[in-house]
Amino acid sequence: MTPPQRRRRHPKEQPPPEPLKQGPRKEPERLYVLTGSEEGRERAALDLVTLIVARADPPPSSTPERAALIRLCAAPLSVAELSAYLNLPFSVVTVLLTELLTAELVQARAPIVRQAIADRSLLEAVMHGLQKL
């Protein structure tokens, strides 16, 4: 007995896809355009976990990036979170935040550190609750 012969399928000729119609390509802005000239300026000592809180509303003359930073900081956010939300590198966010800190539009504070040792009464309550199970 011979195995059945398979026939190859030949795909039908399809016309080539039409090229995408695009408008003029807009080059992405360089990051130094967002931050401005950095010559002679020092950055604030900001860490990834430094919390930033807005102290005022964004002024009408602020750039969209600076206004977005101030609006996001209505509740305390870390510099790492701000960088992720704005999709900007950490270094660019620190330059923008330094400008906002010197203008006193935002405030930087150390992150809230949890206690190293838990409260004894809380641990005892948890232990008694587990023992009752």
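Some observations on this one:
- Accessible surface, 1.4 Å probe, highest first, among residues S83, S121, S61: S61, S121, S83
- The simple spin-label model puts a point 7 Å past each Cα toward its Cβ; for V49 and H128 those points are separated by 3.3 nm.
The values are calculated or read from the model by the stated rules, or taken from the named source; none is laboratory data. Predicted model only: the values in this text are computed from it and were never measured. We place every Cβ from the backbone using ideal geometry, glycine too, and count neighbours over all the protein chains shown. For accessibility, only protein heavy atoms count, side chains too; no ligands or nucleic acids. Shrake-Rupley method; radii C 1.70, N 1.55, O 1.52, S 1.80 Å.
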